[in-house]
Amino acid sequence: DLLQGKSISSWSRPDIVFLSCIAGCGGTQSLKFVLDSSLSPLLQSLNETTLTKSEDDFSTARVASNATTALFGIAAFCAAVQTCGKRQPHGIVLTPHPLRGSESKIIGSIMQIWEQARNSASGADSPQVISAFASLRVAVVRAMETALMVLPQNLASEEIALVQGYLSDLCSISLDRDALSEQTAKEKPFISAVSRSLGIAVGACFEGDSSTSDQSHGDFLLLRLGAIRKQLLENIFPSLLHNLSSQYVQLVLAMACSQGKNAANVIAQTLMEAVVQQIKNEPQSPQIVEDMASVLTRGGANASEAFQKSDFLFKLRSILLPQRSSHVEENTRVSSLELPMTIEETATEEQETRQLAALLEPLLPLYTFYVSPSHMSELLVATTKVIPPLDSGDRKRLGILLPFLSTGLQHSASFADLKAEDVNELMSFLPELILSNMASTTKMYATSCLISFLSKKQDGNEECPCLALWETQVVRLTHRLSQETKESVAKKVKQRERFIATLKQAGETISFTGSIASAAIQRGGSSSQTADKLVRFLISLACTGKAEAVCSNGTFPIDFSTGPRALTAIQICSVSAFGGIMSSGPYAALWKQRLSFVAWQSILPARSATVKENSFGVIGASAFIVCCNNWKGMSTKMSSGLTDILLHGVSSRRDLPGSVRKILLSAVVKLLSLKTIAAEQNIPTIVTGVLLCYASTDKYGASDALACKLLALQALQTIPSVLSTRAPVVSVKPAVVSVLEQAMVEKNSLLRHAAVEVRNSWFVI
């Protein structure tokens with residue numbers, strides 16, 4: 001009744017969708033009825049279609065559109081056959097196959113349109129014709145993709161040759177770099193559809209073989225024919241591997257991996273063998289690792305699991321790192337001991353570790369999927385075997401293992417399947433590693449591992465492990481470093497390198513304190529008080545450079561305020577550590593409000609009576625509170641006090657470090673965006689301060705200077721939207737326009753573009 005009286009050209013896509021739903025979900029009789037009444041007219045329509053360019057662009061586009069609808073219908077009905085087959089009870093197949101007898105007609109009709117559609121619109125000038133033929137080519141690929149998934153193995157040699165030619169065409173399109181580089185936006189869906197279809201075909205040939213009976217009903221039976229499968233395995237797949245750098249080839253292989261575990265295992269193993277061989281010849285080959293990572297990451301959980309089951313990491317480790325001598329005793333490794341490294345050796349190892357991390361970093365997303373407990377245990381055991389690292393080889397082995405271990409731990413729900421002995425052994429060593437002179441990249445991943453252990457490991461002990469770790473590993477070391485710094489300043493020691501090394505180590509202990517606080521927050525429960533305590537400690541150091549660490553075994557005074565250089569360095573580190581706590585981690589909004597209130601209570605005593613004399617630690621901590629917290633959740637007294645600190649900081653302080661200036665300008669932008677009363681009442685002060693901030697960035701590094709200038713321009717752009725009257729900015733408008741004119745000739749294009757937008761918004765005031 002739905003199609004009665006309608007010609008094929010007047011069938012609409014909603015009609016076809018409705019019929020395909022009836023066919024797929026209505027049972028075998030409904031499927032047979034719909035196919036008998038609807039499939040033949042669509043095939044006949046395609047056979048009668050001639051895609052020739054006529055004088056009338058509308059007619060040409062209309063013919064192409066009708067063919068697209070017919071192809072859409074064929075794809076929908078083939079998909080309905082697949083759906084109906086999957087809805088049958090387990091072990092029951094549709095016999096005979098619903099499309100038996102129609103496979104040659106379907107393949108022939110689609111291939112007829114394929115041959116016409118590939119080049120029919122070449123040279124067309126009409127956007128209507130170009131768009132119609134672009135949609136037609138996509139429809140051909142989609143229809144053929146669905147047909148190859150469903151049709152039974154009952155093709156004559158001529159139709160098999162047509163399918164082989166079609167697959168060869170798809171491979172040629174995916175490998176045609178010149179055509180891909182010149183493609184337009186309308187052609188991208190076609191290239192993506194080609195890559196998807198070819199990937200499904202390649203994956204299907206790895207998921208089965210030609211032994212599948214043609215009487216059974218299943219997916220990809222046609223693609224498992226001997227001749228077609230041989231073509232995919234011996235011709236197309238090797239061609240794809242030789243062009244792995246192409247993004248569309250990567251999409252093909254990723255789609256193939258997603259077809260099943262067998263396909264993912266074969267493709268992943270082949271890629272890993274190619275990468276290992278390439279790295280043997282050229283150790284610094286990041287591009288091929290990135291290409292493999294792109295394929296496996298987009299290949300989904302199957303590809304990730306295949307990578308984890310392989311021994312790729314251990315092969316890579318044996319290639320990149322020197323092997324231990326055979327006479328070295330594995331248990332003691334005494335003969336591997338080395339003398340402490342010099343500064344030059346430390347810098348060289350730092351550079352090598354960064355290169356190694358850059359090589360492996362593209363593979364880390366593979367560990368954001370499910371990581372099997374057996375593989376996590378394998379990584380954990382391999383890591384514990386090289387701790388403590390006694391030589392350069394051990395340190396590099398940690399540089400390979402820790403990134404993958406830390407990523408896996410972050411995405412693991414619990415550690416119940418890991419051996420407690422291995423976990424405790426690694427946890428006991430990680431603090432020492434983090435506070436050592438190892439490469440910063442290795443220490444970053446070690447910190448991530450420790451945070452995961454502290455926040456997720458539940459051992460039934462009521463004592464907070466975060467507090468115990470801080471008291472035993474951090475407090476005494478920080479106290480000793482503060483004493484050494486005080487002595488160096490008092491005696492005016494000229495050992496500059498030693499003084500700098502002491503300050504660097506002190507900064508690392510403060511950063512480590514922030515990491516422990518983050519772990520305590522994530523752990524919750526009794527660790528909440530530990531988080532409050534560590535935040536107070538950091539704020540005290542940030543504001544005054546002094547703090548008292550009250551521990552279970554005594555009180556340790558820590559004082560870095562004896563020298564301006566030491567005070568500045570420690571305040572910057574403390575503000576950054578507090579900012580890291582506030583801006584990272586999956587904390588709830590109430591947690592941030594709690595931390596903000598704790599921090600504000602510690603800022604108040606350090607806040608001087610004259611706000612202009614506030615240290616930049618006070619300014620930086622206040623700015624982080626404003627940026628990372630819900631403004632409406634603050635009390636009026638707290639929000640007023642924070643606003644006063646920020647306004648005087650932006651207008652009066654010219655000696656702020658670049659890191660503090662950035663967060664200060666960010667906080668000012670937020671105040672303006674929220675249209676607070678205090679911000680609107682102090683617009684002239686804010687404008688003057690922002691202009692001075694823009695002009696006083698010469699002493700900063702290139703990145704800090706660029707960030708400060710962009711934030712200053714953003715603040716200026718926000719001001720016109722805050723104004724209820726133009727009176728407050730009339731006096732400062734000439735100065736603003738003058739600065740913007742200078743910004744419009746900056747070398748950086750981002751600054752020029754931002755300056756133009758700000759200048760336009762100020763001209764309408």
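Can Glu344 be described as acidic (Asp, Glu), surrounded by 14 or more Cβ atoms within 10 Å (Cβ to Cβ), out of contact with any Gly (no Cβ under 6 Å at 6 or more places or on another chain) and not in a loop (DSSP other than H, G, I, E, B)?
Against the criterion (acidic (Asp, Glu), surrounded by 14 or more Cβ atoms within 10 Å (Cβ to Cβ), out of contact with any Gly (no Cβ under 6 Å at 6 or more places or on another chain) and not in a loop (DSSP other than H, G, I, E, B)), Glu344 does not qualify.
Can you tell me which residue in region 115-126 is farthest from Leu167 (Cα to Cα), limited to those that are open to solvent by 40 Å² or more (accessible area, probe 1.4 Å), part of a helix (DSSP H, G or I) and modelled with pLDDT under 80?
First pass over region 115-126, keeping only residues open to solvent by 40 Å² or more (accessible area, probe 1.4 Å): 115-116, 118-119, 122-123, 125.
Still in the running and part of a helix (DSSP H, G or I): 115-116, 118-119.
Checking the rest, the ones that are also modelled with pLDDT under 80 come to 118-119.
On the way: Arg118: 14, Asn119: 17 Å.
Step by step, filter region 115-126, then rank; the result is Asn119.
Filter region 357-383 down to the residues that are surrounded by 17 or more Cβ atoms within 10 Å (Cβ to Cβ) and under 22 Å from Glu432 (Cα atoms) and list them by number.
Correct list: Ala357, Leu379, Leu380, Ala382, Thr383.
So which of Thr513, Thr502 ends up being polar (S, T, N, Q), within 30 Å of the chain's Cα centre (by Cα) and either in a helix (DSSP H, G or I) or at pLDDT 90 or above (or both)?
Working: Thr502 fails: within 30 Å of the chain's Cα centre (by Cα).
The match here is Thr513.
Considering only residues that are surrounded by fewer than 22 Cβ atoms within 10 Å (Cβ to Cβ) and either modelled with pLDDT of 90 or more or out of contact with any helix residue (DSSP H, G or I) (no Cβ under 6 Å at 6 or more places or on another chain) (or both), which ones fall in region 476-486? First the steps, then the outcome.
Initially, region 476-486 is screened for residues surrounded by fewer than 22 Cβ atoms within 10 Å (Cβ to Cβ), giving 476-477, 479-480, 483-484, 486.
Those that are surrounded by fewer than 22 Cβ atoms within 10 Å (Cβ to Cβ) and either modelled with pLDDT of 90 or more or out of contact with any helix residue (DSSP H, G or I) (no Cβ under 6 Å at 6 or more places or on another chain) (or both): Arg476, Leu477, His479, Arg480, Gln483, Lys486.
Looking for something open to solvent by less than 10 Å² (accessible area, probe 1.4 Å), of a type in the set (A, V, I, L, M) and more than 30 Å from Gln505 (Cβ to Cβ) - is there at least one such residue anywhere in region 657-666?
yes
Which number in (1) buried (at least 24 other Cβ atoms within 10 Å of the Cβ); (2) within 20 Å of Ser455 (Cβ to Cβ); (3) in contact with a strand residue (DSSP E or B) (Cβ under 9 Å, 6 or more places away or on another chain) marks the one condition that Lys533 misses?
(1)
In region 531-590, what count of residues is obtained for those that are within 20 Å of Ala623 (Cα to Cα) and free of Cβ contacts under 8 Å to residues at least 12 places away in the same chain?
Looking only at that region, the number is 2.
Report, ordered by the first and then the second residue, all pairs with beta carbons closer than 6 Å, sequence separation of six or more or different chains, a first member in region 138-159 that is open to solvent by less than 20 Å² (accessible area, probe 1.4 Å), and a second member that is at pLDDT below 85 and part of a helix (DSSP H, G or I).
Sorted first by the residue in region 138-159, then by its partner, the pairs are Val140/Ala117; Leu148/Leu222; Leu148/Leu223; Val150/Gln82; Leu151/Glu103; Leu151/Leu222.
For the condition assigned to a helix (DSSP H, G or I) and open to solvent by 10 Å² or more (accessible area, probe 1.4 Å), what is the one hit in Phe404, Phe453, Phe429?
The match here is Phe429.
What residue, among those in region 683-697 that are in contact with a Pro (Cβ under 9 Å, 6 or more places away or on another chain) and β-branched (Val, Ile, Thr), is surrounded by the fewest Cβ atoms within 10 Å (Cβ to Cβ)? Reasoning before the result, please.
Keep residues of region 683-697 that are in contact with a Pro (Cβ under 9 Å, 6 or more places away or on another chain), which gives 683-684, 687.
Next, only the ones that are β-branched (Val, Ile, Thr) stay: 683, 687.
Numbers: Ile683: 17, Val687: 21.
Selected residue: Ile683.
Residue by residue, here is whether (1) of a type outside the set (D, E, K, R); (2) over 19 Å from the mean Cα position of the chain (by Cα) holds:
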position: Leu244; (1), (2): yes, yes
position: Val249; (1), (2): yes, yes
position: Ala256; (1), (2): yes, yes
position: Gln269; (1), (2): yes, yes
position: Ala274; (1), (2): yes, yes
position: Glu290; (1), (2): no, no
position: Ser294; (1), (2): yes, no
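If we scan region 705-717, do we find a residue that is buried (at least 19 other Cβ atoms within 10 Å of the Cβ), among the basic types (Lys, Arg) and closer than 30 Å to Pro564 by Cα?
The answer is yes; a qualifying residue exists.
Restricting to region 43-61, and then to whatever is touching a residue at least 60 places away in the same chain (Cβ under 8 Å), in contact with a Ser or Thr (Cβ under 8 Å, 6 or more places away or on another chain) and assigned to a helix (DSSP H, G or I), can you tell me which residue is surrounded by the fewest Cβ atoms within 10 Å (Cβ to Cβ)?
Result: Asn47.
Given the options Lys632, Lys733, Lys637, name the one that is under 18 Å from Ser761 (Cβ atoms) and either at pLDDT 85 or above or not small (Gly, Ala, Ser) (or both).
Lys733
If we only count helices (runs of 4 or more DSSP H) wholly inside region 649-765, which ones have 1 or more residues that are touching a residue at least 60 places away in the same chain (Cβ under 8 Å)?
658-673
Taking region 529-546 on its own, how many of its residues are assigned to a helix (DSSP H, G or I) and either within 17 Å of Ala566 (Cβ to Cβ) or modelled with pLDDT under 90 (or both)?
Final tally of qualifying residues: 6.
Return the only residue of Ile558, Ile572, Ile539 being out of contact with any strand residue (DSSP E or B) (no Cβ under 7 Å at 6 or more places or on another chain), buried (at least 16 other Cβ atoms within 10 Å of the Cβ) and either more than 23 Å from Phe597 (Cβ to Cβ) or not aliphatic (A, V, I, L, M) (or both).
On the way: Ile558 fails: out of contact with any strand residue (DSSP E or B) (no Cβ under 7 Å at 6 or more places or on another chain); Ile539 fails: either more than 23 Å from Phe597 (Cβ to Cβ) or not aliphatic (A, V, I, L, M) (or both).
When all the criteria are applied, what remains is Ile572.
If we keep just the residues of region 146-199 that are basic (Lys, Arg) and part of a helix (DSSP H, G or I), which is modelled with the lowest pLDDT?
So the residue we want is Arg177.
Just to confirm my filter: which helices (runs of 4 or more DSSP H) fall fully inside region 232-298 and include at least 3 residues that are touching a residue at least 40 places away in the same chain (Cβ under 8 Å), out of contact with any helix residue (DSSP H, G or I) (no Cβ under 6 Å at 6 or more places or on another chain) and surrounded by 19 or more Cβ atoms within 10 Å (Cβ to Cβ)?
In region 232-298, there are no helices (runs of 4 or more DSSP H) which contain 3 or more residues that are touching a residue at least 40 places away in the same chain (Cβ under 8 Å), out of contact with any helix residue (DSSP H, G or I) (no Cβ under 6 Å at 6 or more places or on another chain) and surrounded by 19 or more Cβ atoms within 10 Å (Cβ to Cβ).
The values are calculated or read from the model by the stated rules, or taken from the named source; none is laboratory data. All values derive from a computational prediction rather than experimental measurement. Note that we place each Cβ from the backbone using ideal geometry, even for glycine, and neighbour counts take in every protein chain shown. Calculation scope for accessible area: heavy atoms of the full protein, side chains included, ligands and nucleic acids excluded. Shrake-Rupley method; radii C 1.70, N 1.55, O 1.52, S 1.80 Å.
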